[in-house]
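Only one structure is covered here, and it is reproduced in the block below.
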Amino acid sequence: MKFVLSLFAATALMVGVSCAEDSPESVPGVVTVSAEEASPMYDAGVPFVDVRSDSDYEAGRIPGAIHLELKSNFSEEALLAVAAKDKPVVIYCNGHSCLRSSAASLQAVGWGFTEVKYFRDGFPAWDAAGYAVE
(Lines give C-alpha, C1' and ligand atoms only; values in the text may rest on other atoms or scores of the structure.)
Protein backbone atom coordinates (compact mmCIF):
# COMPACT_ATOMS: atom_id res chain seq x y z
CA MET A 1 0.00 0.00 0.00
CA LYS A 2 2.86 2.40 0.83
CA PHE A 3 4.36 1.79 -2.62
CA VAL A 4 1.01 2.52 -4.27
CA LEU A 5 0.67 5.78 -2.33
CA SER A 6 4.25 6.74 -3.18
CA LEU A 7 3.65 5.90 -6.82
CA PHE A 8 0.53 8.07 -6.71
CA ALA A 9 2.49 10.93 -5.17
CA ALA A 10 5.22 10.62 -7.80
CA THR A 11 2.67 10.55 -10.59
CA ALA A 12 0.78 13.47 -9.08
CA LEU A 13 3.99 15.48 -8.96
CA MET A 14 4.75 14.78 -12.59
CA VAL A 15 1.39 16.15 -13.66
CA GLY A 16 1.67 19.19 -11.42
CA VAL A 17 -0.48 18.24 -8.43
CA SER A 18 1.02 19.23 -5.11
CA CYS A 19 1.34 16.71 -2.33
CA ALA A 20 1.83 17.44 1.35
CA GLU A 21 3.75 14.27 2.18
CA ASP A 22 7.44 13.59 2.56
CA SER A 23 9.29 11.82 -0.18
CA PRO A 24 9.42 8.03 0.18
CA GLU A 25 12.36 6.58 2.09
CA SER A 26 12.94 4.09 -0.70
CA VAL A 27 11.96 3.50 -4.31
CA PRO A 28 11.54 -0.04 -5.66
CA GLY A 29 14.53 -1.14 -7.73
CA VAL A 30 16.66 1.77 -6.54
CA VAL A 31 19.34 2.17 -3.86
CA THR A 32 18.76 5.08 -1.47
CA VAL A 33 22.01 6.87 -0.58
CA SER A 34 22.94 9.47 2.02
CA ALA A 35 25.25 12.43 1.46
CA GLU A 36 28.07 10.41 3.02
CA GLU A 37 27.43 7.53 0.61
CA ALA A 38 26.99 9.84 -2.39
CA SER A 39 30.24 11.75 -1.82
CA PRO A 40 32.61 8.91 -2.85
CA MET A 41 30.44 8.32 -5.91
CA TYR A 42 30.84 11.99 -6.80
CA ASP A 43 34.61 11.72 -6.28
CA ALA A 44 34.65 8.65 -8.57
CA GLY A 45 32.93 10.58 -11.36
CA VAL A 46 29.46 9.03 -11.12
CA PRO A 47 27.06 11.46 -12.83
CA PHE A 48 24.68 13.42 -10.59
CA VAL A 49 21.33 14.48 -12.03
CA ASP A 50 19.51 17.45 -10.51
CA VAL A 51 15.77 17.25 -11.23
CA ARG A 52 14.81 20.46 -9.40
CA SER A 53 13.22 23.53 -10.93
CA ASP A 54 15.32 25.90 -13.02
CA SER A 55 15.32 28.52 -10.26
CA ASP A 56 16.46 26.04 -7.60
CA TYR A 57 19.21 24.75 -9.87
CA GLU A 58 20.42 28.28 -10.61
CA ALA A 59 20.40 29.17 -6.88
CA GLY A 60 22.93 26.43 -6.08
CA ARG A 61 23.81 22.87 -7.00
CA ILE A 62 26.32 20.08 -6.69
CA PRO A 63 29.20 21.04 -9.00
CA GLY A 64 28.96 19.37 -12.38
CA ALA A 65 25.42 18.09 -11.79
CA ILE A 66 23.43 17.69 -14.97
CA HIS A 67 20.16 19.60 -14.83
CA LEU A 68 17.25 17.54 -16.13
CA GLU A 69 14.24 19.36 -14.72
CA LEU A 70 11.61 16.71 -14.05
CA LYS A 71 8.64 18.52 -15.51
CA SER A 72 10.29 19.82 -18.69
CA ASN A 73 13.29 17.84 -19.89
CA PHE A 74 13.72 14.64 -17.88
CA SER A 75 13.36 11.84 -20.43
CA GLU A 76 14.86 8.46 -21.23
CA GLU A 77 16.90 10.00 -24.04
CA ALA A 78 18.17 12.83 -21.84
CA LEU A 79 19.15 10.40 -19.08
CA LEU A 80 20.88 8.13 -21.61
CA ALA A 81 23.03 11.11 -22.60
CA VAL A 82 24.20 11.22 -18.97
CA ALA A 83 24.63 7.51 -18.11
CA ALA A 84 24.33 4.09 -19.69
CA LYS A 85 21.46 1.97 -18.41
CA ASP A 86 23.89 -0.37 -16.60
CA LYS A 87 26.05 2.37 -15.04
CA PRO A 88 25.48 4.26 -11.77
CA VAL A 89 23.67 7.58 -11.75
CA VAL A 90 22.70 9.65 -8.69
CA ILE A 91 19.39 11.53 -8.83
CA TYR A 92 18.61 14.30 -6.34
CA CYS A 93 16.34 17.24 -5.60
CA ASN A 94 15.55 19.35 -2.49
CA GLY A 95 15.45 16.70 0.21
CA HIS A 96 12.60 15.05 2.10
CA SER A 97 9.98 17.61 1.12
CA CYS A 98 10.70 17.20 -2.60
CA LEU A 99 9.13 14.32 -4.52
CA ARG A 100 10.97 14.95 -7.78
CA SER A 101 13.94 12.64 -7.20
CA SER A 102 11.75 9.72 -6.15
CA ALA A 103 9.54 10.23 -9.23
CA ALA A 104 12.58 10.50 -11.51
CA SER A 105 14.20 7.42 -9.95
CA LEU A 106 11.03 5.42 -10.45
CA GLN A 107 10.84 6.53 -14.08
CA ALA A 108 14.49 5.64 -14.68
CA VAL A 109 13.95 2.11 -13.38
CA GLY A 110 10.92 1.82 -15.63
CA TRP A 111 13.14 2.73 -18.59
CA GLY A 112 15.55 -0.07 -17.66
CA PHE A 113 18.24 1.80 -15.72
CA THR A 114 19.67 -0.69 -13.23
CA GLU A 115 22.12 1.38 -11.14
CA VAL A 116 19.96 4.30 -10.01
CA LYS A 117 20.97 5.90 -6.72
CA TYR A 118 18.17 7.87 -5.05
CA PHE A 119 19.76 10.69 -3.05
CA ARG A 120 16.66 11.37 -0.96
CA ASP A 121 18.32 13.95 1.30
CA GLY A 122 19.39 15.89 -1.79
CA PHE A 123 21.03 19.24 -2.13
CA PRO A 124 20.25 20.50 1.42
CA ALA A 125 22.07 17.54 3.00
CA TRP A 126 24.99 17.85 0.57
CA ASP A 127 25.37 21.52 1.45
CA ALA A 128 24.93 20.91 5.20
CA ALA A 129 27.66 18.24 5.10
CA GLY A 130 30.08 20.86 3.80
CA TYR A 131 30.65 19.30 0.39
CA ALA A 132 31.38 21.55 -2.58
CA VAL A 133 28.49 23.53 -4.07
CA GLU A 134 28.25 26.01 -6.90
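The values are calculated or read from the model by the stated rules, or taken from the named source; none is laboratory data. Quantities reported herein were computed from a predicted structural model and do not represent experimental measurements. Glycine also receives a Cβ, built like all others from the backbone with ideal geometry; neighbour counts cover every protein chain displayed. Calculation scope for accessible area: heavy atoms of the full protein, side chains included, ligands and nucleic acids excluded. Shrake-Rupley method; radii C 1.70, N 1.55, O 1.52, S 1.80 Å.
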Under 13 Å Cα-Cα from Lys71, which aspartates and glutamates qualify once same-chain neighbours fewer than 8 residues away are excluded?
Asp50, Asp54
Rounded to whole Hz, the Karplus (6.51, -1.76, 1.60) HN-Hα couplings of the range 76-86, x for glycine and proline:
4, 5, 5, 5, 5, 6, 9, 8, 6, 5, 9
For the chain, with only Lys/Arg (+1) and Asp/Glu (-1) charged at the beta-carbon, what is the dipole magnitude about the Cα centre, in debye rounded to 20?
320 debye
Please give the FRET efficiency for Ser97 paired with Glu134, using the beta carbon to beta carbon distance and R0 = 22 Å, rounded to the nearest 0.05.
0.45
Sort His67, His96 from largest to smallest accessible area, using a 1.4 Å probe on the heavy atoms of the protein chains.
His96, His67
Quick one: pull the percent of accessible area on the chain belonging to carbon and sulfur, 1.4 Å probe, ligands and nucleic acids left out.
55 percent
Over the chain, calculate the relative contact order: mean separation of alpha carbon pairs under 8 Å at least 6 apart, over the residue count, as a percent.
34 percent
Which whole-number value in Å² is the accessible area per residue of the chain, probe 1.4 Å?
48 Å²
Rg to Rh for the range 75-127: what is it, with Cα atoms only and Rh by Kirkwood?
0.98
Can you tell which of Ser34, Leu70, Ala59 lies farthest toward the positive end of the dipole of the chain, using +1 and -1 charges on the Cβ of basic and acidic side chains (Lys, Arg; Asp, Glu)?
Leu70
Just Ser72, Ser23, Ser101 to compare: in a GNM of the chain, with alpha carbon springs under 10 Å, which one fluctuates most?
Ser72
Give the aspartates and glutamates whose C-alpha is closer than 13 Å to that of Lys87, dropping any in the same chain fewer than 8 places away, or say none.
Glu115
